[in-house]
Amino acid sequence: MKYTFAVLALCIILVVNSTKRIQLSCRAVQGSEVRGGGEISRAKCPRRTTLVSCGINGWHNIGGTIVRPSRDNVCEAELSEDVTTTQPYGVAAVANCCRFPIAADAESLTRLSSTAGRKVQAECPKPSSLTGCTVDYDSGSTNNIKGSYAGKAILKRDERNTKNTCTAQARDGSTDVIAGAQCIKLGNSKYNLECKAVTKYGTRDDLTEANTCPMGTQLLSCMTYSTTLTLDDWYIKSTGPTCYVQQDNYENQYANGVCCKLTKTGKKYGGDEDDELFDYVISVDEDDEEEGYMFVPVNQEMMSVANNSTSMALFASVILLLVIGFGLYKCCVGNNGGYKRLATNDNDPLLTKV
């Protein structure tokens, strides 16, 4: 009997203290376009948002992207230094900025490769998660970037482990590049950010969150890797979201990104101290208003209905477990598991199958 109720208690604990997924509110922010050789475009995330990835919107002779550790919330994109004023080329940095729950204590970190080279890697420190990967020109021949990707190998299959590693590569040994791992560290152990790397062979906006990311995850970054021509741009678009990639002649390439899921472990009902973590999302602070950012309001009535539905479903689950437990008790304990007692000559009870 004690084992039956122990199992029942464990089931109830698993239902009450379960994990819930939290939808992140993200927005692509584009910096001003630059057209001079060696010039840098910068995109800064608005207040109360965190930089999760950095892309480039360009047209020929790009110098790549980078997030400098001293400016972890700023995405930089560079135009090749040999571009002249007569050439109609330009680049703009594109930062993907997300709002995390305040209680998650999210921190944006950047780790650059220790050296520059044709193929280099950078890793996110534990316990952070890799959400983006940058490649930036360092020296040698210009307009010679092959691309970047999460993980230690670019694979054709839909999803893979990021290995918390960013790999950046030049087309040949005449160019050195720098890899940049974009990382998110959560200061609250109740929250967990689980990420997967994805790849789709195609061009332009063929890679979307809907057709590539594992179910329940969000597309947080966009990179690309080419085996043929020179790259023009790679950046995440808020609509979709979509990973937009382009190279000369719009030829196919290995568009890739990182899809993540934020979860929180805690009580499903009974007064959660984090119920109002996203209150600030429904208001527009002064900085956002001045910069022209507007976030979609949360429908509180719909949230209330959703919360009530969840509570009712959990309550029904608990009742079902109680009924099952009672049935097990009656069957296996209260009725001696389907056996009846018999008396022997020495008055010792025996059990025989009914």
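Listed values, structure above:
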| item | result |
| --- | --- |
| Signed unit charges on C-beta, dipole axis of segment 29-88, positive-most listed residue Ser32, Gly55, Val74 | Val74 |
| Accessible area, probe 1.4 Å, largest first, for residues Lys126, Lys163, Lys196, Lys146 | Lys126, Lys163, Lys196, Lys146 |
| Solvent-accessible area, 1.4 Å probe, carbon plus sulfur percent, for segment 83-130 | 48 |
| Cross-link table Lys146/Lys264; Lys146/Lys237; Lys146/Lys261; Lys163/Lys185, entries beyond 27 Å C-alpha to C-alpha | Lys146/Lys264; Lys146/Lys261 |
| With DNA, RNA and ligands ignored, accessible area of Tyr89 (1.4 Å probe; Å², nearest 10) | 40 |
| Sequence of Thr165, Thr85 when ordered by accessible area, the most exposed leading, probe 1.4 angstrom | Thr85, Thr165 |
| 1.4 Å probe accessible area per residue over segment 12-138, in Å² | 44 |
| Surface share of carbon and sulfur [accessible, 1.4 angstrom probe, percent] for segment 146-241 | 45 |
| Whole-Å semi-axes of segment 153-257's equivalent ellipsoid (Cα gyration tensor) | 24, 18, 12 |
| Residue order for Ile145, Ile40 - accessible surface, 1.4 angstrom probe, largest first | Ile40, Ile145 |
| Accessible surface, per residue, of segment 194-250 when the full set of protein chains is kept, probe 1.4 Å, Å² | 38 |
| Inter-site label distance for Leu155 and Lys119 at 7 Å from Cα along Cβ, in nm | 1.6 |
| For Glu251, solvent-accessible area (1.4 Å; no DNA, RNA or ligand), Å² | 80 |
| Separation between Cα centres of segment 78-95 and segment 215-238, rounded to whole Å | 19 |
| Ser108 - accessible surface, heavy atoms, 1.4 Å probe, Å² rounded to 10 | 10 |
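The values are calculated or read from the model by the stated rules, or taken from the named source; none is laboratory data. Bear in mind that the values here come from a model prediction, so they are computed numbers and not experimental data. Cβ atoms come from the backbone with ideal geometry, glycine included; neighbour counts cover every protein chain shown. The area values use the complete protein model at the heavy-atom level, side chains included, leaving out ligands, DNA and RNA. Shrake-Rupley method; radii C 1.70, N 1.55, O 1.52, S 1.80 Å.
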